[in-house]
Amino acid sequence: MNQTKTFLRAALTLLLLASTAAPALPQSKEASKTAPVTDTLRATTGTPTTTTIGRDERLWQKTLKLQRSAIVVDTHNDILSFMFDENYDIGQSSVGKYHTDIARMKEGGLSAEFFSVYVDRSYAATGGSARRAMDLIDMVYRAAEKYPNELVMSYTAADIRRAKKQKKIAALMGIEGGHAIENSLFALRDFYRLGIRYMTLTHNNTNDWADACCDQSKHNGLSDFGKEVVREMNRIGMLVDISHVSDKTMSDVLDISTAPVIASHSSARALAARPRNIPDDLLRRIAKNGGVVMINFFPNFIDQKAIDASAARDARLKPERDRIIEQYKNDAKRRGEELDKLNAANPLPPTPLSVLVDHFDHVAKVAGIDHVGIGSDFDGVSSLPEGMKDIAQLPNLTYELLRRGYSERDVRKVLGENFLRAFAEAERVAARASGGHVSRDASVRRIN
Ligand SMILES: [Zn+2]
């Protein structure tokens, strides 16, 4: 029954995507809302760069030194879904299968990871959204308890700096998909207590109080209750994440948020015409708000050539795709595998690393260098740019920014300091508003 429902939703999604200008890679969580399928993930070498030809060795050594000393924050990683669904142990190497494991996080110089507590839209229909989130949250604690020398649960900007000093990776959590709170501000506060420090107001689905990027508009942005959710997040110190929401929802959030917001994994629409990306006028408003746009690495969001090629491929392969979808309509896993195989046999042109770095450039130009950061979306996407095939390759971004003339100080901002500034400011806003009393004077407003 579940699978049939999931299939129907997937089929509807495909229809919807086919009717818009920019179809997506169906095996990515970003695109399809089904659980991510890993077959096309090509996590690579375990060495920090594949672009050694023509590399300036002095600049590379400078890169590595900077990477080691800087605070490097990634605000969106989907490995947690695999840790729960596939019982994947993040302490074991997953080179060639996933984008993330502890050894490669270290190799990439990562200081802090936000594990995405991703709640698929299907739970909004079937029930169980909050339970799904709680299951995933426990899995992060489980990893941190199993690897206490490598990971440390963290809740504040100061915790991240402390973890860095201890040479550990700070483990933080953000909920992806506001339906996870099941329309309850009480549950929102409970999630805060469990350690959730940002919430993406929607996934690709419009929920009962906020419109999403890639779904019907039902509330003209945020409903009254949606505004209450944002105010409550400000009050308790949970960052409001505007990735995945509609432009009007972003605009409503920016109208009312008293704390800096983040886009935990979004890129620039001026460079790639996808509704998941952020247009320039909103980039400027995020800058005014003191927020940070954390750039998503997914080629199908950042590379107009890949987007166009993907659309053409989907149109070309439609009969075969339809056949697979029909044949495996009751077997989501097999269906994903077969679609992956079909895509693998019809590869898209590779996306150069420079295309990704162009998005950092663009946001730095339009919003300012203080408002851009890293939101990789590793393990939530089905392909990645050249030289950024897994988390170990993060230094390639640093190298490219230095090569383009960014100062070390500015690169540090991009790598983590911008996020830490916004995070710390959100903590100050909450301290003033609630004095640390998460529940005492809290809103008891309810819907449903
Ligand atoms: Zn996402």
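Just so it is clear, none of the values below were taken in a lab; they were calculated from the coordinates. None of the values given here were measured: they were computed from a predicted structure. Using ideal geometry, Cβ is built from the backbone for each residue, glycine included, and neighbour counts are taken over all protein chains shown.
Structure above, values below:
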{"item": "Stokes-Einstein D for segment 66-214, Kirkwood Rh over Cα pairs, 10 °C, 1.306 mPa s (µm²/s)", "result": "100"}
{"item": "Where Rh is the Kirkwood radius over Cα pairs, Rg/Rh for segment 344-448", "result": "1.14"}
{"item": "Cα-based equivalent ellipsoid of segment 328-392: semi-axis lengths in Å, sorted from largest, via gyration tensor", "result": "32, 14, 10"}
{"item": "Alpha-carbon Rg with Dmax, taken over segment 293-404, Å", "result": "16.7, 50"}
{"item": "Hydrodynamic radius of segment 98-151 per Kirkwood, over alpha carbon pairs, in Å", "result": "12.9"}
{"item": "Using alpha carbons only: equivalent-ellipsoid semi-axes of segment 137-232, gyration tensor based, whole Å", "result": "31, 12, 12"}
{"item": "Hull volume in cubic angstrom per residue (convex hull over the Cα atoms of segment 242-361)", "result": "127"}
{"item": "Calculated on alpha-carbon atoms, Rg and Dmax of segment 370-432 in Å", "result": "14.3, 45"}
{"item": "Spatial separation of Cα centroids for segment 383-421 and segment 128-154, in angstrom", "result": "27"}
{"item": "Estimated inter-spin distance, ARG440 and ALA187, nm [label 7 Å along Cα→Cβ]", "result": "2.8"}
{"item": "Positive-end residue, segment 392-448 charge dipole about Cα centroid, Cβ charges, pick of ASN448, THR398, SER434", "result": "ASN448"}
{"item": "Links that overshoot a 21 Å alpha carbon limit, given the list LYS65/LYS106; LYS305/LYS413; LYS62/LYS288; LYS167/LYS389; LYS106/LYS167; LYS305/LYS333", "result": "LYS305/LYS413; LYS62/LYS288; LYS167/LYS389; LYS305/LYS333"}
{"item": "Local net charge near ASP308, Cβ-Cβ under 13 Å (Lys/Arg +1, Asp/Glu -1)", "result": "+2"}
{"item": "Least to most buried among LYS29, LYS341 (fewest other Cβ within 10 Å first)", "result": "LYS341, LYS29"}
{"item": "Radius of gyration and Dmax over the Cα atoms of segment 284-327, both given in Å", "result": "17.3, 51"}
{"item": "Stokes-Einstein D (µm²/s) once Rh is taken as the Kirkwood radius of the chain over alpha-carbon pairs, at 20 °C in 1.002 mPa s", "result": "99"}
{"item": "Separation of the LYS318 and ARG55 label points, Cα + 7 Å toward Cβ, nm", "result": "4.4"}
{"item": "Fully extended contour minus Cα-Cα distance, from LYS62 to GLN92, at 0.36 nm per residue", "result": "7.8 nm"}
{"item": "Whole-Å distance, taken between Cα centres, linking segment 178-242 and segment 321-370", "result": "27"}
{"item": "Cα lying deepest toward the dipole's positive end in the chain, options MET199, ASN418, ALA158, charges on Cβ", "result": "ALA158"}
